[in-house]
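The values are calculated or read from the model by the stated rules, or taken from the named source; none is laboratory data. Computed from a predicted model, the values in this text were never measured in an experiment. Because the Cβ atoms are built from the backbone with ideal geometry, glycine has one as well, and the counts that use them run over all protein chains shown. Remember, those area values only see protein heavy atoms, side chains included, never the ligands or the DNA or RNA. Shrake-Rupley method; radii C 1.70, N 1.55, O 1.52, S 1.80 Å.
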Amino acid sequence: MIYFVTSNRHKYEEVKKIIGYEMEMVSMPYPEIQADSLEEVAKYGIDYLKDKIEGEFFIEDSGLFIKALNGFPGVFSSYVFKTIGNEGIIRLMKGIEDRKAEFVSVIAYYDDDKIHIFKGICKGKIAEEIRGNKGFGYDPIFIAEGSNKTFGEMEMEEKNKYSHRGKSARMLKNFLKNRLNQP
Ligand code: ITT
């Protein structure tokens with residue numbers, strides 16, 4: 001059994017769909033420090049949790065990085081979503097032609113000894129308007145490269161094919177598989 005420590009059920013469902021291993025959601029809160037990168041935030045979270053959780057577990061830290069806004073909201077994605085939300089981002093992007101953005105997902109997996117980092121990036125752009133009501137967070141305003149739909153217009157399986165979290169979760173799955181195959 002492995003544990004995914006998160007308070008976000010959507011994240012858990014997306015990863016669970018890919019992993020295939022027995023996995024449980026643990027909603028134990030942990031501090032998210034003010035740092036420049038998702039990796040730093042995740043490593044700090046692991047250090048805080050490793051004495052409190054038995055066995056192997058992981059956390060996932062993610063964010064939306066908008067090029068024309070110099071990477072905002074980035075490591076502050078959760079806070080910005082709660083405050084200005086998708087309407088606020090669409091407003092900030094009004095009249096801006098370069099709509100490039102990327103979603104980043106960092107999984108930090110603790111194997112009871114070491115931390116393993118898996119990073120998935122999904123390139124795309126910010127939509128002109130809010131579209132779709134599936135998924136969560138910024139899904140209705142993000143269009144992945146190779147699609148015309150926002151993530152908010154996709155079922156979870158389709159989103160997982162493109163998404164940052166789909167990529168990081170597949171990396172974790174491979175890691176777990178290879179480890180099991182080792183003598
Ligand atoms: P944890 O308990 O796992 O920390 P959280 O929702 O607070 O859950 P983060 O701190 O990693 O997660 O914040 C990332 C925020 O970025 C999240 O709340 C969303 O607003 C946004 N986000 C991340 N991945 C997303 C996705 O796939 N689709 C839409 N929004 C996403």
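Brief remarks on what is shown
- Of the residues contained in segment 40-59, none is found to be under 22 Å from Y138 (Cα atoms) and either open to solvent by 20 Å² or more (accessible area, probe 1.4 Å) or free of Cβ contacts under 8 Å to residues at least 12 places away in the same chain (or both).
- Here F118 meets the list (1) touching a His at 6+ places or on another chain (Cβ under 7 Å); (2) among the aromatic types (F, W, Y); (3) in a strand (DSSP E or B) almost entirely, failing just condition (1).
- Among the residues of segment 76-112, those that are among the charged types (D, E, K, R) and within 12 Å of the ligand (Cβ to nearest atom) comprise K82, E102.
- Filter result (part of a loop (DSSP other than H, G, I, E, B), more than 13 Å from the ligand (Cβ to nearest atom) and on the phi < 0 side of the Ramachandran plot) within segment 12-41: Y21, E22, D36
- Any chance N148 is part of a loop (DSSP other than H, G, I, E, B), open to solvent by 80 Å² or more (accessible area, probe 1.4 Å) and within 13 Å of the ligand (Cβ to nearest atom): no
- Considering residues of segment 62-75 that are near the ligand (Cβ under 9 Å from one of its atoms) and among the hydrophobic types (A, V, I, L, M, F, W, C) only, the residue surrounded by the most Cβ atoms within 10 Å (Cβ to Cβ): L64
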